[in-house]
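First the structure, in the form of structure tokens, and then the observations on it.
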Amino acid sequence: MFQRILIAFCVTLFWVNAANAFVVEGPRQSTGDPVEDLRQAPRWAVTEGSLVQTGQRGLGGGLEYVIDDSICQLNLVDGGNCEGAKTAIRQALSRWSDGHPALAFSDVTGRIKTGFPLAVLGQTQQGAEIDFLASTPAEFPNFRTALTNGYTIFYTRGRRGVLMTNGVENEVAEGAIESADIRVNLARCYYLDPEFDRPDCVHFPTLIFHEIGHALGIGHPDDSQTRNLDNDDIPYNALPIDCMDPTRGLKSSMQVQAAAVLVGRDVQGAGRWRRGLTHDDAAARNALYPHCDIETPPRFTRLWGAFARDPAGVYGRSSQALVADDAVSMALADCAQSGGHDCQVISGFNGCFAYALARAPGTMQLDRSGAIWASATDERSIKARIDAVEACNAQHGECRVELDFCAFD
Ligand SMILES: [Zn+2]
């Protein structure tokens, strides 16, 4: 018999202060060691056949999913329609499988009936491997709190051991995930267009993007301060996972990548959708599903920022633009609005940017007329800052960072 192993609910106004890297939904009873919890964490296993063809539940044939027609009852306040919501689900799934040779999703809507074992006493029909459903609070009592946007439950079998995506038999993993149900609350209002941004409603693609992470076995990095894994204490840098020894180099860390898709608080606005998977989200996926041929998707390439400056040192900036041209024109407009004349674009970029100025000679103040200055960009904010100061110092200044920001800020 299957067992319930995880219930993750993602509410609107659930604030916590903890801050971390990534967390897996470990064994039902934590071992107390987050690295050991990762080893023992349940996950989808490599299987030969697929659910549709041979009845086997697992990664074979892709994770087979069904989008229930109840998704068409969503209250979409931006004029989005049912087909748009289904498209968002497919896009969110492909963001999780991007670049991963052993993780794929396959649409079996119409070929398998959805099933939600916990909803009806005695029901054992498990549905597809991942079911996407929408319910009213009357149908699904966990939605009684009006602020619950989504709810994901996954189920495992009790026996230990899974064949992992790197070909290694993991004998301590608590079990293979056999099905997951992602349910969204029909009492909430939703929108599909990331520009719509209505604060009392939920950006549906962002919510689904987050919930799929739970269906893969990933937890909220902000739920437990002691269970978070990183290889250092810098939350926003790359976190490479050893493909044959996925727990190698990992340790508990208290530092969060606050932009991570799996952060459990405030799963509502469109920012995480715009930014895509962070390093920590990708690391959580790659730690549970290690593989030596994973292509690292370029991070944050979906967003552009720019910096513009005039000869007198007046500057303007932009971030969160969807295309480079928009970032550039927004930065130029910002520079002109600040009183700049003949503003020129210094940099358009995807990652982070820093602008350093020299001190005015003989003072501690930065010389904002900007005779000596430099800028730099890098995927990491800290590296952009260091490079900008170095380049500025090289011009015989005594420089400090005047401004730094990232395209995804
Ligand atoms: Zn969640």
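A few points about this structure:
- Enclosing the Cα atoms of segment 304-406 in their convex hull gives a volume equal to 77 cubic angstrom per residue.
- Relative contact order %, segment 304-406, counting alpha carbon pairs below 8 Å whose residues are six or more apart: 26 percent
- Most mobile of PRO42, PRO34, PRO141 in a GNM of the chain (Cα contacts under 10 Å): PRO141
- Note on segment 304-406: dipole from Cβ charges, positive end direction compared against GLN365, ALA331, ALA376; the farthest Cα belongs to GLN365.
- Taken about its Cα centre, segment 304-406 carries a charge dipole of about 240 debye when Lys and Arg each add +1 at the Cβ and Asp and Glu each add -1 at the Cβ.
- Qualifying trypsin sites (Lys or Arg not before Pro) in segment 150-185, DSSP loop, other Cβ atoms within 10 Å at most 10: ARG159
- Note on the chain: dipole from Cβ charges, positive end direction compared against GLY62, CYS392, THR145; the farthest Cα belongs to THR145.
- Stokes-Einstein diffusion for segment 130-197, with the hydrodynamic radius set to the Kirkwood value over Cα pairs and evaluated at 10 °C in a medium of 1.306 mPa s, equals 109 µm²/s.
- Cα-only Debye scattering, segment 154-242: base-10 log of I(q)/I(0) at q = 0.18, 0.26 Å⁻¹: -1.08, -1.27
- Residue exposure sequence - ASP232, ASP223 - by fewest surrounding Cβ within 10 Å: ASP232, ASP223
- Antiparallel content of DSSP bridges confined to the chain, in %, to 5: 70 percent
- Two-decimal Rg/Rh across the chain, once Rg and the Kirkwood Rh are taken from alpha-carbon atoms: 1.03
- Taking amide H atoms as placed 1.01 Å from N in the peptide plane, the amide H of GLY219 lies under 5 Å from those of VAL23, VAL24, GLU25, each 5 or more residues away in sequence or on another chain.
- Computed on segment 37-132, with alpha-carbon pairs under 8 angstrom and 6+ residues apart, the relative contact order is 32 percent.
- Globularity ratio of segment 41-150, using Cα Rg and 2.2 N^0.38 Å: 1.17
- Computed from Cα atoms, the angle from the helix 204-215 axis to the main principal axis of the chain rounds to 60 degrees.
- Relative to the dominant Cα principal axis of the chain, helix 82-97 is inclined by about 80°.
- Only helical runs count toward this figure. For the chain, summing -39,500 (n - 2.57) over DSSP H runs of n ≥ 4 and dividing by all residues gives -6000 deg cm²/dmol at 222 nm.
- Relative contact order, percent, segment 3-288 [alpha-carbon distance under 8 Å, six or more residues apart]: 29 percent
- Rg(Cα)/(2.2 N^0.38 Å) for segment 315-365, N = residue count: 1.35
- Working from the Cα coordinates of segment 58-108, the gyration tensor eigenvalues give, after taking √(5λ), semi-axes of 25, 13, 6 Å in decreasing order.
- Student exercise, the chain dipole from Lys, Arg, Asp, Glu Cβ charges, in Debye to nearest 20: 640 debye
Just so you know, all these numbers are worked out from the coordinates, no wet-lab data involved. Bear in mind that the values here come from a model prediction, so they are computed numbers and not experimental data. Glycine also receives a Cβ, built like all others from the backbone with ideal geometry; neighbour counts cover every protein chain displayed.
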